[in-house]
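Before any comments, here is the structure.
Values in this text are rule-based calculations from the coordinates and carry no lab data. Nothing here was measured: the structure is a model prediction, and the numbers come from that model. Positions of Cβ are backbone-derived with ideal geometry, glycine not excepted, and every protein chain shown enters the neighbour counts.
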Amino acid sequence: MIPLLGIGAKPAIVALFLYALLPIIRNTYTGINEVNPSVTDAAVGMGMNRKQLLYRIQLPLAMPVILAGIRTATVINVGVATLAAYIAAGGLGEFIFGGIALNNTNMILAGAIPAALLAVLFDGLLSLLQRIQLRKARKAVYVLPVALLLLSSFYLLPPAYGSRLLAGFTPEFMGRRDGDLGLRAVYGLQIRTVVINDMIMYKAAYEKKIDVISGSSTDGRVKAFDLAVLDDDKHIFPPYYAAPIVRQSTLDKYPELEPALNKLSGTINDSIMTELNYRVDHLKQDPARVAKDFLVAKQLWKPARGGTKGTIRIGSKIFGDGYILANMYKMLVDGYTDLQAITKTGLGGTKICFDALLNDQIDLYPEYTGTGLLVILQAPQPTIDSLIGYKQKVYDHVSRAFLQQYGIKWLNPIGFNNTYALMMRRQQAATLNIRSISDLKEYLER
């Protein structure tokens, strides 16, 4: 529905309505079709026409099957509705996806438990309706669709906010100290926000559906959609230098793995990573092709040896640079060692990737020092304040802590700093004379 209706509540409601039709229509057809033929024959013999046959015989007899379909559709839609958070439609999904991204179990449960209870509640209410005689329930049958329509119309009304600009932030950014929480605490930034998936927020900004987004500084869509990065003049975003993190037990078992992975160290700066991401995110090129082209240009690519010594499982988050780096590391492992590498890409946010690493489901994945410091280690504020301006100190701190607490080693940094950033359309930022986050705050307060 996004190409037709954009983002927000409208496409979510329409999509959920269409999604619910299949079990209802299928059960309605099945229920009517399985009415005993002798009953319908008797009704026809009594002189009933097709309309009378449908409303007086077939529908009442098929009602238990029809209501079972409605109950199934209701329970499924309560769960599917949480996905609406990805397209700025709000809902309990904001807690679920934010918790997954932030490694926050309580946040996940704050969304998942109410969603489960809602499903059980609606299923129970419909089971009560199923026990009521059809004539007694007729008024409720007429009133229910009207009530749902009215509730939906209230949901679709534009919110009455004071802010003139609308921000779209990812679920992870909303709950991070170097995200929306930091913007409010350090800058005092008060801007109306919607939660949105990072896969669509850049285009939404370009199409003027939102004005400010929480992007990544090396994302190729910054270039593709001509966005301006606002200066973080109060420095709430720590360094986000990328490096592979590997299970120490894997390195002990295969010591040749570390030298192969470190061949990528220092080879990719911010502008190179932006260009690589541009090819994947905007030009839609295959990440494996982009990875190979880069390694060939740097004279790092070698044909796969077809090793049989062991298998290395390489994971990645659901971002363009994660896909690219995972493929680069696969090619380095295949070409420089007698090991065989496989990729498990698109694992979602930080929690999923890191838990997979801890649980021995993958052996390594590319991570960022700022994420390691704030999301995984959840360092106390005094520690953050003492480190945030120094990329080497952040790297040294997370390296020591990860090895001591988790038995995971940070290898040498790749070179680029994929820090968080606030972005606006370049033309809009120039027109409003907004160059920094402080300028944005001042504009909102005018």
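If you stretched the chain out fully between residue 435 and residue 21, how much longer would it get, using 0.36 nm times the residue separation minus the C-alpha to C-alpha distance? Mind showing how you got there, number by number?
Details: separation 414, 0.36 × 414 = 149.04 nm, distance 4.86 nm.
Extending this stretch completely gives an extra 144.2 nm.
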Handout entry: Distance between modelled label sites at residue 288 and residue 253, nm, 7 Å Cα→Cβ extension
Key = 2.4
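Counting other C-beta atoms within 10 Å, which of 314, 352 has the fewest, and how do the rest follow? Display every interim value, and only then the final one.
Numbers: 314 25, 352 18.
Exposure proxy ranking, most exposed first: 352, 314.
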Exercise for the section: Please check which bits of segment 255-292 a label hung off residue 342 would reach, taking the label as a point 7 Å along Cα-to-C-beta and the cut-off as backbone N under 19 Å. Expected result: 288
Exercise for the section: Quick one: among 121, 387, 332, which has the greatest mean-square fluctuation in a GNM of the chain with alpha-carbon springs under 10 angstrom? Expected result: 121
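Grab the beta carbon distance between residue 390 and residue 118, set R0 = 60 Å, and tell me the FRET efficiency rounded to 0.05.
On the way: r = 47 Å, r/R0 = 0.78.
Between residue 390 and residue 118 the formula returns 0.80.
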Problem - Relative contact order computed over the chain (Cα-Cα under 8 Å; 6+ residues apart), in percent - result: 18
Practice task
Please give the length that would be gained between residue 383 and residue 302 if that part of the chain were fully extended, namely 0.36 nm times their separation in residues minus their C-alpha to C-alpha distance (nm, one decimal).
Solution key: 24.9 nm
Practice task
Mind jotting down the distance between the C-alpha centroids of segment 54-110 and segment 304-363, whole Å?
Solution key: 34
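Listing 301, 410 from the residue with the fewest other Cβ atoms within 10 Å to the one with the most, what is the order? Could you put the intermediate results ahead of the total?
Details: 301 16, 410 21.
With the fewest neighbours first, 301, 410 line up as 301, 410.
From the helices alone, meaning DSSP H stretches of at least four residues, give me the mean residue ellipticity at 222 nm for the chain, per-run term -39500 (n - 2.57), in deg cm²/dmol to the nearest 500.
Working: 20 runs with 237 residues, N = 446.
Value at 222 nm, helices only: -16500 deg cm²/dmol.
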Exercise for the section: Report, in degrees rounded to the nearest 10, the 0 to 90 angle that the Cα long axis of helix 320-336 makes with the longest principal axis of the chain. Expected result: 60
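At a 10 Å Cβ-Cβ cut-off, how would you order 369, 350, fewest neighbours first? Could the numbers behind the result be given before it?
Values: 369 26, 350 21.
Ranking 369, 350 by Cβ neighbours within 10 Å, fewest first, gives 350, 369.
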Practice task
With a point put 7 Å past each Cα toward its Cβ, work out how far residue 76 is from residue 426 in nm, to one decimal.
Solution key: 4.6
Problem - Members of 330/391; 284/317; 253/391; 10/208; 302/393; 292/409 lying beyond 23 Å, as alpha-carbon distances in this model show - result: 330/391; 253/391; 302/393; 292/409
Exercise for the section: Tell me the label-point distance for the pair residue 181, residue 2, using the 7 Å Cα-to-Cβ offset, in nm and rounded to one decimal. Expected result: 2.8
